[in-house]
Amino acid sequence: MLIVESRLILLNSQLMFHLSLALYFAVRLWKSPQATQQRWIFLVFTALAATAAISVKWTAGVTPFVIALVSFFGLLFPHARLTLTECGIAATIAVSAYTFLHYLHFKTLPNTGQVGHEAETPRRDSLLGPSNIKTEPQATTLFRVLRSSRPLSARL
């Protein structure tokens, strides 16, 4: 759930949606009977919603942590305590979904369009590999003019 913040839609609305969804599925998980298909479905949905919330902003990490504590120790719903296997499967689903979404993001990143030569750094190349994006000479010249130390009046 990689979302770019813009002036039209801020990240907090998506964050609140995914956190509410994770809490909703967690309550449904805690109220579901032990060892049923319904319980496994809500386990998967809770893990995916919590992953989506953390993918939007890392500050959302507190809610999935609280869900995990309540689920594992049975703090509010003692009869709905999750087994270690269920907790492990939920964690595996969450980490896999989070990693896969970021893999897709970084895999498609080099194909997002033209960038100036300032993005061609050894650090970027070590993360994404060498870029096959060619910069236009006009963009490079404009960038050099803007970075020069001469006053604005001398640049015009």
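The values are calculated or read from the model by the stated rules, or taken from the named source; none is laboratory data. All values derive from a computational prediction rather than experimental measurement. Every residue, glycine among them, receives a Cβ derived from its backbone with ideal geometry; neighbour counts consider all protein chains shown. Please note that ligands, DNA and RNA were not included when accessible areas were found on the heavy atoms of the full protein model with its side chains. Shrake-Rupley method; radii C 1.70, N 1.55, O 1.52, S 1.80 Å.
Observations on the model:
- Peptide ranges 92-99, 42-49, 71-78, 31-38 listed from the most packed, as the mean C-beta count within 10 angstrom indicates: 42-49, 92-99, 71-78, 31-38
- Within the accessible surface of the stretch 1-102, defined with a 1.4 Å probe on protein heavy atoms only, the carbon and sulfur portion equals 74 percent.
- Calculated FRET efficiency for the pair Ala35/Phe77, C-beta based, R₀ 22 Å, to 0.05: 0.90
- Within the stretch 57-107, the ratio Rg/Rh, alpha carbon atoms throughout and Rh by Kirkwood, equals 1.09.
- Volume of the convex hull of the stretch 25-80 (Cα atoms only), normalised per residue: 60 Å³.
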